[in-house]
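These notes concern the structure reproduced below.
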Amino acid sequence: MQKLDEALFRNFRFEGEFREYEENTSGHINGTYQLTYQQADGSLKKYILQKINTTIFTKPVELMENIDKVTKYIRSIAAKEGKDPERSTLHIIKTTSGGLFYVDAAGDYWRAYNFIDGCVAYDRVEKPEDFYNAGVALGIFQKMLDCYPSEQLVETIENFHNTPSRYRDFQRAVQEDRAGRRSTVADEIAFFEERQDFYDIITKRLEDGSIPVRVTHNDTKLNNVLIDRKTDEVVCLIDMDTVMPGSALYDFGDSIRFGTNTAAEDERDLEKVRFDLDLYREYTNGYLSEMKEKLMPAELALLPESAILMTLECGMRFLGDHLNGDVYFSIHRPGHNLDRARTQIRLALEMEQNIEKMREITSAACKSV
Ligand code: ADP
Ligand code: GN1
Ligand code: MG
């Protein structure tokens, strides 16, 4: 863990006296720290401080402008709907000079948010109702941003969910074999090669206009969803670095990828990794209770396939990173990215076997009131 200097914190408009900080290691990309400040009345107030991973997010200025625009917009809608704007989305804590981020002497970019208290971001579904509620929350999020002009947002990572482009990156990783691991993962590589004709199911429809470009979150896994510890209500979606123009199917598919897994994303015992069809039903019912009138028939028809696609895409990204020598996703043990890739393979296989049932569930959710 990087040791932080209190002097860094003084660059932000945090209220009170600094008391302590701790690291949160659940994300794979940014450095996340939870800071505690004591207020004059003795109460404690928390903040989130993050070091933006600028190797991955090469446009941190535009990224922060995106987040500023979208979070302000969500807060204004929440206020109109009588909801608490401060719990409806992230709120950037400005730097002492009024900026959206602080650049330190080493050139690292730091940003801060309000800490949304009393919440938990689960790494696995614990109660099916939570997953239903997460589906509702994604629907509300997409609906709120439905009228937001997507051209005002910068693509923070180009081709982020362009699966054919991800597959080309994967093929390059296989070819270059930078970490010398290719021969040990031949079966896993073959798995992704065998499915290459499937990878353009969303991009080709975005290109020919048969499905629309919307403002989407693009990283909707459950640990980017805050759930109230006491009421179990979904409070909001966090981790807004990839909010940009995309397809609603990316968000739905990625939520299913992560949440329907009966085990952790990095589980080593693959016997524990199953695709839970009941959880697919929960999320689909929740999501479509908000979005079924908004989505076009061509989008509704692709919901089950989008789950398989996002699982395959994530799997090839993990395996590609394993082949590249673990340069993208944070790892906490040797072979971590390979373990993650294997869970995605297992899940995608089970989804493929259940595709008809997934279609039935999706059609039923479209018909129900
Ligand atoms: P990464 O991009 O690395 O995934 P996240 O922005 O998702 O980073 O943050 C990592 C974790 O920190 C989240 O899963 C959540 O547990 C916690 N977290 C982040 N922002 C907040 C916030 N504003 N309030 C409460 N918890 C937060
Ligand atoms: C990363 O940032 P985090 O941990 O929420 C990744 C997602 C992957 C996910 C897999 C910017 O998400 O695309 O689906 O890991 N984010 C980025 O767990 O690459
Ligand atoms: Mg995250």
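The values are calculated or read from the model by the stated rules, or taken from the named source; none is laboratory data. Keep in mind that what you see is a predicted model, and the values were worked out from it rather than measured. Note: ideal-geometry Cβ built from the backbone for every residue, glycine included; neighbour counts use all protein chains shown. These accessible areas exclude ligands, DNA and RNA; they are computed on the full protein's heavy atoms, side chains included. Shrake-Rupley method; radii C 1.70, N 1.55, O 1.52, S 1.80 Å.
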Inset, instruction - Round to the nearest 10 and give me the degree value, 0 to 90, for the angle of helix 128-144's Cα axis relative to the longest principal axis of the chain. - result: 80
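Measure off, as a whole percent, the carbon and sulfur share of the 1.4 Å-probe accessible area of the chain, all protein chains present. Walk me through the numbers on the way to the answer.
Working: 7630 of 16420 Å².
Carbon and sulfur together cover 46 percent of it.
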Inset, instruction - For region 252-306, calculate the relative contact order in percent as a whole number, restricting contacts to Cα pairs under 8 Å that are 6 or more residues apart. - result: 39
Inset, instruction - Give me the accessible area of residue 183, 1.4 Å probe, in Å² rounded to the nearest 10. - result: 100
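Take the alpha-carbon positions of the chain, form their convex hull, and give its projected area averaged over all directions (one quarter of the hull surface) in nm².
Numbers: hull surface 76.1 nm².
For the chain, the mean projected area of the Cα convex hull comes to 19.0 nm².
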Legend entry - the chain: most fluctuating residue of 119, 147, 314 per GNM, C-alpha cutoff 10 Å: 147
Inset, instruction - Return the whole-Å distance between the Cα centroid of region 1-44 and the Cα centroid of region 343-369. - result: 42
Inset, instruction - Would you tally the net charge around residue 135, using a Cβ to Cβ cut-off of less than 12 Å, leaving residue 135 out, and scoring K and R as +1, D and E as -1? - result: -3
Legend entry - Cα-based Rg of region 122-268 normalised by 2.2 N^0.38 Å, two decimals: 1.19
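Could you order 116, 29 so the one with the most accessible surface comes first? Probe is 1.4 Å.
Values: 116 15, 29 45 Å².
Largest accessible area first, the list is 29, 116.
For the chain, with only Lys/Arg (+1) and Asp/Glu (-1) charged at the beta-carbon, what is the dipole magnitude about the Cα centre, in debye rounded to 20? All intermediate terms of the calculation are to be shown ahead of the outcome.
Numbers: 47 positive and 64 negative charges, 88 e Å.
Once rounded to the nearest 20, the dipole reads 420 debye.
What shape does region 1-129 take by its C-alpha gyration tensor, where a ≥ b ≥ c are the square roots of the eigenvalues and a/c under 1.5 counts as rounded, a/b above b/c as prolate, and the rest as oblate?
Numbers: a/c = 1.25, a/b = 1.17, b/c = 1.07.
Rounded.
GluC sites (Glu not before Pro), restricted to region 15-75: which are DSSP loop and have at most 14 other Cβ atoms within 10 Å?
Numbers: sites: 15, 17, 20, 22, 23, 62, 65; in loops: 15.
Here the sparse-neighbourhood loop sites are 15.
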Inset, instruction - Straight distance only, please: which lysines reach the Cα of residue 272 with their own Cα at less than 27 Å, same-chain residues fewer than 8 apart left out? - result: 127, 221, 357
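Taking the Cβ of residue 53 as the center, what net charge do the other residues with Cβ under 11 Å away carry, scoring Lys and Arg +1 and Asp and Glu -1? Write down the numbers at each step before the final one.
Numbers: positive: 51; negative: 108, 241.
Neighbour charge sum, excluding residue 53 itself: -1.
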Inset, instruction - Filter the GluC sites (Glu not before Pro) in region 293-369 to those in DSSP coil with at most 13 other Cβ atoms within 10 Å of their Cβ, and list the result. - result: 293
Inset, instruction - Using a/c under 1.5 as the rounded threshold, could you call region 193-299 rounded, prolate or oblate? The axes a ≥ b ≥ c are square roots of the C-alpha gyration tensor eigenvalues, and prolate needs a/b larger than b/c, oblate otherwise. - result: oblate
Legend entry - Largest to smallest principal axis extent of the C-alpha atoms in region 252-369, angstrom: 49, 26, 20
Legend entry - Centroid-to-centroid separation of region 310-329 and region 129-147 [C-alpha atoms, Å]: 28
Inset, instruction - Would you mind checking the tilt of helix 248-259 against the longest principal axis of the Cα atoms of the chain, expressed as 0 to 90 degrees and rounded to 10? - result: 90
Legend entry - Unsatisfied cross-links (Cα-Cα over 24 Å) in the set 72/367; 46/83; 83/230: 72/367
Inset, instruction - On a 0 to 90° scale, report how tilted helix 163-176 is relative to the longest principal axis of the chain, with both axes built from alpha carbons and the result rounded to the nearest 10. - result: 90
Inset, instruction - Roll a 1.4 Å probe over the protein heavy atoms and report the accessible area of residue 91 in Å², nearest 10. - result: 50
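Between residue 269 and residue 293, what's the calculated FRET efficiency when r is the beta-carbon distance and R0 is 35 Å? Round to 0.05. All intermediate terms of the calculation are to be shown ahead of the outcome.
Details: r = 42 Å, r/R0 = 1.20.
My answer for the efficiency is 0.25.
Near residue 304, within a Cβ-to-Cβ distance under 11 Å, what is the net charge of the other residues, with Lys and Arg +1 and Asp and Glu -1?
Details: positive: 357, 359; negative: 305, 352, 356, 360.
Here the count lands on -2.
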